[in-house]
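Asker: Could you have a look at this structure, given as structure tokens, before my questions?
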Amino acid sequence: MEPQLLHSVTDSVATVVIHHPAKRNAMTAAMWRALPPLLETLAADPAVRVLVLTGEGGTFCAGADISTLRGSPQEAQTLAVAAEEALAAFPKPTLAAIRGHCVGGGSQLAAACDLRFAEAGALFGVTPAKLGIVYAASSTRRLVQLVGPATAKYLLFSGELIDAERALRTGLVDEVLPEGELGKRVAEFTRILASRSLLTQAAAKEFANGRTDRDDHWAEQARGSGDTAEGVAAFLERRQPRFTWSVPTPG
């Protein structure tokens, strides 16, 4: 099978799989370019309430496949930043399910997700200093927000890999699961996310990502959604709520 991004939707959860096992799921130029339009399609699908990004087999993503980029690491960085920004802007909850290496552009994609769950034994690295690449300001800020300035500098200055336990301590990942349990935990947690109010999640995601000037917009969305009334009714009736708000289609 050619290197590509595979995707499926099951029970309101879209799963995007980075598929290039011959090169530890390194992203080709075509794969970088394919991610933003794929995300746009999934964002517009009302059946999708959560997105999971993962890699084929035992590796998340080993970065960019430089051989497909005419030997230009900086071109790879440009494409990676565009894909990273598209993933960060995805209006629904996103979760990176990480096994094995999560390095270079792979770490950019993971950092752009809302949450990161890793399997014990995973390795993380932010490696532009090994190639003389200028790491984008947006990517640097995102990394600093996750792990703080000191750890961000350690990762960026050295390009050294850290293990899953250190990634957990520094905030780079949210949970570390024993070998063989990552898939079960991701399925369990995404079911929880899909059952919650997407209205609440979308507003909270926007605010948490730094856009704090749209209180009136989200208040209007809440008034017209029915989610609040449904949540209160479900609480009083001791049943699971059935939230129906979905992300408005642009235009």
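Asker: Residues being exposed (fewer than 10 other Cβ atoms within 10 Å of the Cβ) and either more than 23 Å from residue 39 (Cβ to Cβ) or among the hydrophobic types (A, V, I, L, M, F, W, C) (or both): count how many of those fall in segment 230-250.
Answerer: 5
Asker: Looking at segment 42-78, which of its residues are within 23 Å of residue 198 (Cα to Cα), without any contact (Cβ under 8 Å) to a residue 60 or more places away in the chain and assigned to a loop (DSSP other than H, G, I, E, B)?
Answerer: Result: 45, 47, 48.
Asker: Something else: Need the failing condition index for residue 39 against (1) over 12 Å from the mean Cα position of the chain (by Cα); (2) crowded, with 19+ Cβ neighbours inside 10 Å; (3) not in a strand (DSSP E or B), just the number.
Answerer: That leaves (1) as the condition not met.
Asker: Take segment 4-36 and flag every residue that is touching a helix residue (DSSP H, G or I) at 6+ places or on another chain (Cβ under 6 Å) and either farther than 17 Å from residue 81 by Cα or surrounded by fewer than 21 Cβ atoms within 10 Å (Cβ to Cβ) (or both).
Answerer: 5, 12, 13, 14, 29, 36
Asker: Which members of segment 92-128 meet the condition of being in a loop (DSSP other than H, G, I, E, B) and either more than 16 Å from residue 190 (Cβ to Cβ) or of a type in the set (Asp, Glu) (or both)?
Answerer: We begin by selecting, within segment 92-128, every residue in a loop (DSSP other than H, G, I, E, B); these are 92-93, 99-100, 104, 113-114, 120-122, 126-127.
Result: 99, 100, 104, 114, 120, 121, 122, 126, 127.
Asker: Looking at 193, 177, 182, 199 in this structure, which one is touching a helix residue (DSSP H, G or I) at 6+ places or on another chain (Cβ under 6 Å), at pLDDT 95 or above and within 23 Å of residue 9 (Cβ to Cβ)? Let's see the steps before the verdict.
Answerer: Working: 193 fails: touching a helix residue (DSSP H, G or I) at 6+ places or on another chain (Cβ under 6 Å); 177 fails: within 23 Å of residue 9 (Cβ to Cβ); 182 fails: touching a helix residue (DSSP H, G or I) at 6+ places or on another chain (Cβ under 6 Å).
Going through 193, 177, 182, 199 in turn, the sole match is 199.
Asker: Exactly one condition in (1) surrounded by 14 or more Cβ atoms within 10 Å (Cβ to Cβ); (2) free of Cβ contacts under 8 Å to residues at least 40 places away in the same chain; (3) in the same structural domain as residue 90 (by TED's automatic domain parsing); (4) within 20 Å of residue 93 (Cβ to Cβ) is not met by residue 184; state its number.
Answerer: (1)
Asker: Return yes when residue 81 is surrounded by 15 or more Cβ atoms within 10 Å (Cβ to Cβ), in a helix (DSSP H, G or I), modelled with pLDDT under 95 and in the same structural domain as residue 18 (by TED's automatic domain parsing) and no when it is not.
Answerer: Taking the combined requirement at face value, the residue satisfies it.
Asker: Sticking with this one: Taking the condition of being under 21 Å from residue 93 (Cβ atoms), part of a helix (DSSP H, G or I) and free of Cβ contacts under 8 Å to residues at least 24 places away in the same chain, how many residues in segment 220-251 meet it?
Answerer: Adding up the residues that qualify gives 4.
The values are calculated or read from the model by the stated rules, or taken from the named source; none is laboratory data. In this text, all values refer to a predicted model and were calculated from it rather than measured experimentally. All Cβ positions, even for glycine, are placed from backbone atoms using ideal geometry, and neighbour counts span all protein chains on display.
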